[in-house]
Amino acid sequence: METADVVVIGGGIVGTTITYHLAKAGAGKVVLCERKTIGSGTSSMSGAMCGQQAEMTDTIAKLAVRARDIYDNFSDVIGGDCGFFKYGILNLFNAMDLAEQAAARARKNGSAARAITLDEAKDYYPEANLEGAGAALLYGETGNVDAYRTMQSFVAGARSYGAEIREFTPVTHIHAKNGRIERLETPGGSIVPGKVVLACGPWSHKVARSAGLRLPIQPSQVGVSFYRQPPDFYDRPPVFSVELAIIPWHNKHFRVLCDRRDPLVKIEPDPTNAVPPQWMVDWTTEVIERRLPKMKRGRFQGAYQTCYDDTPDLKPLLGYIAGYENLFLDCGWSGRGFKFSVALGEYNAKWIMEGKTELDLAPWLASRFLGA
Ligand SMILES: Cc1cc2nc3c(=O)[nH]c(=O)nc-3n(C[C@H](O)[C@H](O)[C@H](O)COP(=O)(O)OP(=O)(O)OC[C@H]3O[C@@H](n4cnc5c(N)ncnc54)[C@H](O)[C@@H]3O)c2cc1C
């Protein structure tokens, strides 16, 4: 029977970054099993923004800044191209003191955020309608990446370090016995793993079930609408984070994310109907036309439905858990995992190999639900 030192299940941003760093660190035979193709899950639908949040813990805020630094030096650090649109992120605030407080918290952790007046914001993004706001927060040195290209670059790098990337290879059963994963079934045969990384995003709870493991993950509905900019539109639009995230995209497009969880709409990650409901499209259209009035002359180009892998507290399930000594969880990112996976891949590869991490990731440990 085939053996492998580490089997990574799932070829999204989590699985590809971890596979890259495991292979680079010399973790032995590393096999990534992806049921379809690399990036065929929710990662390629991602806005892939890199906001440098000032919330939660300092460690977590610093990880967002680290992701931005990796994007900025991607060809040197990882190799390949991540398609970084570094046009900034512009957030609106009710009052200047609130924007200044948020900027100070972000700067403390290495971000280049700054509070600006509405006049300055208007200079930065002349097309934006800032009504209702009192000030703005500008993350000038960041933006968003091309999620698909980023994953393909990690995979190319992983292959160059010797990892085996197996597409169209679903793991159909996880056999657990005596407190460890003994065997994985795939259509190509069984694999006896040294360690297993479960990185199946909104499919993770289904894949884990065969090992007798109940993961608290519930996919929630997200709509993504695409709009073409009119010909005379501003050249370098930042991400404009207002009621919704308005994200610049290739070929003079915007994608607008609609991810309201109230009311929470639960969906299957493999929907038969991948179109979002009309109310989501109406809302994205109303917001983009009001906030960027020139977009009244833009073109709606379609929308699709995808999902987040939500946990009860909207924080990920990371690390080793009780009763499964060789199973590492990295899932349940609840809509925020792209940048953090890029930043964490190297740390997590070390954690997988050595059994412990140097980072204080307490709010994110899977053991908070599943025991240590
Ligand atoms: C619309 C949208 C916008 C977002 N915007 C941002 C953002 O701006 N910034 C940010 O940081 N995050 C963002 N996120 C969140 C981020 O994209 C996700 O947290 C992240 O991409 C999840 O990656 P993943 O690898 O866990 O999951 P996925 O990309 O879903 O990968 C899971 C993979 O597992 C595979 N799989 C499933 N079952 C099996 C099996 N049995 N065997 C083998 N393979 C299997 C699937 O085919 C899939 O490829 C957004 C998410 C969405 C949906």
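With the dipole of the chain worked out from charges on the C-beta (+1 for Lys and Arg, -1 for Asp and Glu) around the Cα centre, which of Gly179, Cys307, Thr59 lies farthest toward the positive end?
Gly179
If you place +1 on the Cβ of every Lys and Arg, -1 on the Cβ of every Asp and Glu, and leave all else neutral, what size is the dipole of the range 90-201 about its Cα centre, to the nearest 20 Debye?
860 debye
Taking the Cα centre of the range 285-339 as origin, work out the dipole magnitude from +1 charges on Lys and Arg Cβ and -1 charges on Asp and Glu Cβ, in debye rounded to 20.
Magnitude of the dipole: close to 780 debye.
What Kirkwood hydrodynamic radius do you get for the range 1-87 when you take the inverse of the mean 1/r over all pairs of distinct Cα atoms, in Å?
So the Kirkwood estimate lands at 14.9 Å.
For every helix of n ≥ 4 consecutive DSSP H residues, a contribution of -39,500 (n - 2.57) applies; sum these over the chain, divide by its total residues, and give [θ] at 222 nm rounded to the nearest 500 deg cm²/dmol.
-8500 deg cm²/dmol
With both partners inside the chain, how many of the DSSP beta bridges are antiparallel, as a percent to the nearest 5?
Taking every DSSP beta bridge within the chain, about 70 percent pair in antiparallel fashion.
Identify all lysines with a Cα-Cα distance to Lys108 below 28 Å; exclude those on the same chain that are fewer than 8 residues away in sequence.
Counting by Cα, and skipping residues close in sequence, Lys108 has these lysines nearby: Lys62, Lys86, Lys122, Lys315, Lys339, Lys350, Lys356.
Run down the aspartates and glutamates and flag those whose C-alpha is under 16 Å from the C-alpha of Lys24, throwing out any fewer than 8 positions away in its chain.
Reachable aspartates and glutamates: Asp5, Asp76, Glu164, Glu346, Glu354.
Straight-line reach only, C-alpha to C-alpha below 17 angstrom: list the aspartates and glutamates that Lys206 could link to, leaving out same-chain residues fewer than 8 apart.
In chain and number order, the partners are Glu34, Glu185, Glu268, Asp270, Asp309, Asp310, Asp330.
Which one of Thr19, Asn91, Val222 is farthest out on the positive end of the charge dipole of the chain, using unit charges on Cβ (Lys, Arg +1; Asp, Glu -1) and the Cα centre as origin?
Projecting each Cα onto the dipole axis, the largest value belongs to Thr19.
In whole Å, how far is the Cα centre of the range 291-362 from that of the range 182-233?
Cα centroid of the range 291-362 versus Cα centroid of the range 182-233: 11 Å apart.
Assuming 1.567 mPa s and 4 °C, estimate D for the range 97-232 with Stokes-Einstein, Rh taken as the Kirkwood radius over Cα pairs, in µm²/s.
The Stokes-Einstein estimate is 63 µm²/s.
Can you grab the distance from the C-alpha centre of the range 139-176 to the C-alpha centre of the range 84-127, Å, no decimals?
So the separation of the two Cα centres works out to 32 Å.
With charges only on Cβ, +1 for K and R and -1 for D and E, what is the dipole size of the chain about its Cα centre, in debye, rounded to 20?
Computed charge dipole of the chain: roughly 480 debye.
Any read-out appearing in this document is the output of simple, stated calculations on the displayed coordinates, not a laboratory observation. Predicted model only: the values in this text are computed from it and were never measured. Neighbour counts run over all protein chains shown; Cβ positions are idealised from the backbone, glycine included.
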